[in-house]
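Visitor: Before I ask anything, let me first share the structure, which is written out below as structure tokens.
Read-outs throughout are calculated quantities, based only on the coordinates presented, and are distinct from any laboratory measurement. The shown structure was predicted, so the numbers you read here are calculated from the model rather than taken from an experiment. Using ideal geometry, Cβ is built from the backbone for each residue, glycine included, and neighbour counts are taken over all protein chains shown.
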Amino acid sequence: MSIYDPLAPDYLDPAAARVERDRTFQVCSDCRLCVRLCPSFKSLFEMIDAHDTGDADSLADLGAHDVSVLTDAEHDRVVSECYQCKLCYVVCPYTEENQQEWVIDFPRLMLRSLAIQGQDGKVSHSAKLLAQTDLQGKVATTFAPLVNRVNKLGFARGVMEKVTGISKERVLPDFAKVRFSKWFRGRNPALTPAATEGERAVVALFPSCMVEYQDPSIGRDLVGVYERNRIRCELPEGEVCCGMPWLDAGDVDKFREHAARNVAALAPHVKEGRDIVVPQPTCAYVLKKEYPDFLGTDDAKLVGEHTFDTSEYLMLRHKEAPLDTEFEGQTYETILWQHACHARAQQMGPKSKQLLELTGAKVTMIERCSAIDGTWGLRAENVEMAKKISKPLMDKVRESDAQLICGDCHLSNNAIAEQAGKQPSHPLHVIARAYGIEEPS
């Protein structure tokens, strides 16, 4: 719909956005299904109820609320507390997929509102600094040992919080000395099953900033698992950050720049018959859902249609013809797997759970949010709220007696390690070790 269309002429019109927020808030207030999901809804309903005079003239008026009385500051509070987990869209009975007359897409409305705040200079300085992931990654990997050491020093983290807005309470992921792209282009794939036994398929990799700069071992195990199943991997030239941090910072133009560069790098591979696989759920969501809408080009739509989560793609291939299930390496009897919010938002089902179960493990799924969601949960102004939101997840992890904790989102896994004291593994790590593929150093 045009009210959520980033290409619509009134997308950045504050008055038009206010009208749509009033309409949406009214529908949400009458429904209240999402009150349990995030602070935005809890605050919204509390503020609406606080304005209620309680002067209902009849039984029919009981519970009726006029949301138009909410102030601009109260609207801004709802926007600032939305961390784009997307789960309200998944459960909402008023989505376009449900063919309701009054279509609601709350996350898209919040993105629109955030873009207007960005246009007016109301987005925090820290959000804009944190959006520069490629610049930070390139510098930090160049000086990785020093950067990683500094990130653990209390005094340095205090200074960093003041300069960047990253909370000094957060344990930050280490940066790698060797980026994934450098490892990939320096490897010799000539002896892999895909080369020696014949290719089953070829895919283009979108590794994400997390894999490129911070945990290349995920990418290395991705390649190992895919090639074990005769799926050859290619790494397109010219890829950059997916751009989601720029949406978090309310900068639509910067997001489009990143989207356009990635589509230009990926579309030729799709046209040659390759699908795109992504090992991080947020980035997969962005390529699938945001690029087609924010760019509106045929190539962007093509990229979105051919983008897959790494486990999603493997299970599709497994449905066509079984994957290799000769697991001669390390396996587990029990695994606790977190179904990350942006994986759930893709509405593809619990594909990593299904993949892990091929090893013979009993996999228990937990659908609770870590409240990191890109940069939102790292910022000092949000960290207290984020930890309250993530408490149910952390409690479940602490209480679990599973042999292994597992999750697809690197930032969420890092939050679990920080708050619950157990280090999760990415599903690709688990499958690679089960195959007996040597663990990357």
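Visitor: How do the peptides 349-358, 179-188 rank, highest first, by the average count of neighbouring beta carbon atoms within 10 Å per residue?
Guide: 349-358, 179-188
Visitor: Counting just the Cα atoms, what span does the stretch 313-441 cover along each of its three principal axes? Round to the nearest Å and put the largest first.
Guide: Principal extents (Cα only, largest first): 48, 28, 28 Å.
Visitor: Binning at 20 Å from 0, report for the chain what percent of all alpha-carbon pair distances ends up in each bin.
Guide: In order of increasing distance, the bins hold 24, 57, 18, 1 percent.
Visitor: Here is a follow-up. When we measure straight from the Cα of K177, which lysines land under 29 angstrom away, once same-chain ones fewer than 8 places off are left out?
Guide: Straight-distance partners of K177: K128, K138, K152, K162, K168, K254, K422.
Visitor: Right, something else. With a 10 Å Cβ neighbour count serving as the proxy for reagent exposure, in which order, fewest first, do K122, K319, K387 appear?
Guide: Sorted ascending by nearby Cβ count, the order is K319, K122, K387.
Visitor: Taking 0.36 nm per residue of sequence separation and subtracting the Cα-Cα distance, how much length would be gained by fully extending the chain between D134 and D72, in nm to one decimal?
Guide: Working it through step by step, the gained length comes to 18.9 nm.
Visitor: Round to the nearest 0.05 the FRET efficiency obtained for R32 and N188 when R0 = 60 Å and r is the Cβ-Cβ distance.
Guide: Given R0 = 60 Å and the Cβ-Cβ separation, E is 0.55.
Visitor: Taking θ as phi - 60°, what are the ³J(HN,Hα) couplings along the stretch 368-378 by the Karplus curve (6.51, -1.76, 1.60), each to the nearest whole Hz, with x for Gly and Pro?
Guide: Using θ = phi - 60°, the values come out as 10, 8, 8, 6, 8, 6, x, 9, 4, x, 8 Hz.
Visitor: Averaging the inverse of every distinct alpha carbon separation and then flipping it gives the Kirkwood radius. What is it for the stretch 143-227, in angstrom units?
Guide: Across the stretch 143-227, the inverse of the average 1/r is 15.2 Å.
Visitor: Counting helices only, and only those DSSP H runs with n ≥ 4, report the 222 nm mean residue ellipticity of the chain as the sum of -39,500 (n - 2.57) divided by its residues, in deg cm²/dmol to the nearest 500.
Guide: Using -39500 (n - 2.57) per qualifying helix, the result is -14500 deg cm²/dmol.
Visitor: Quick one: Debye curve from the C-alpha atoms of the stretch 265-344, no solvent, what's log10 I(q)/I(0) at q = 0.12, 0.25 Å⁻¹?
Guide: One equal scatterer on each Cα of the stretch 265-344 leads to -0.46, -1.21.
Visitor: Continuing with the same structure: Answer rounded, prolate or oblate for the stretch 202-283, using the Cα gyration tensor with square roots of eigenvalues a ≥ b ≥ c: rounded when a/c is under 1.5, else prolate when a/b is larger than b/c, else oblate.
Guide: Cα axes put the stretch 202-283 in the oblate bin.
Visitor: May I pose another question? Can you give me the C-alpha center-to-center distance between the stretch 29-44 and the stretch 238-264, rounded to a whole angstrom?
Guide: The two parts, judged by their Cα centres, are 30 Å apart.
Visitor: For V150 and V178, what is the calculated FRET efficiency with R₀ set at 22 Å and r taken between the beta-carbons, to the nearest 0.05?
Guide: Efficiency at R0 = 22 Å is approximately 0.65.
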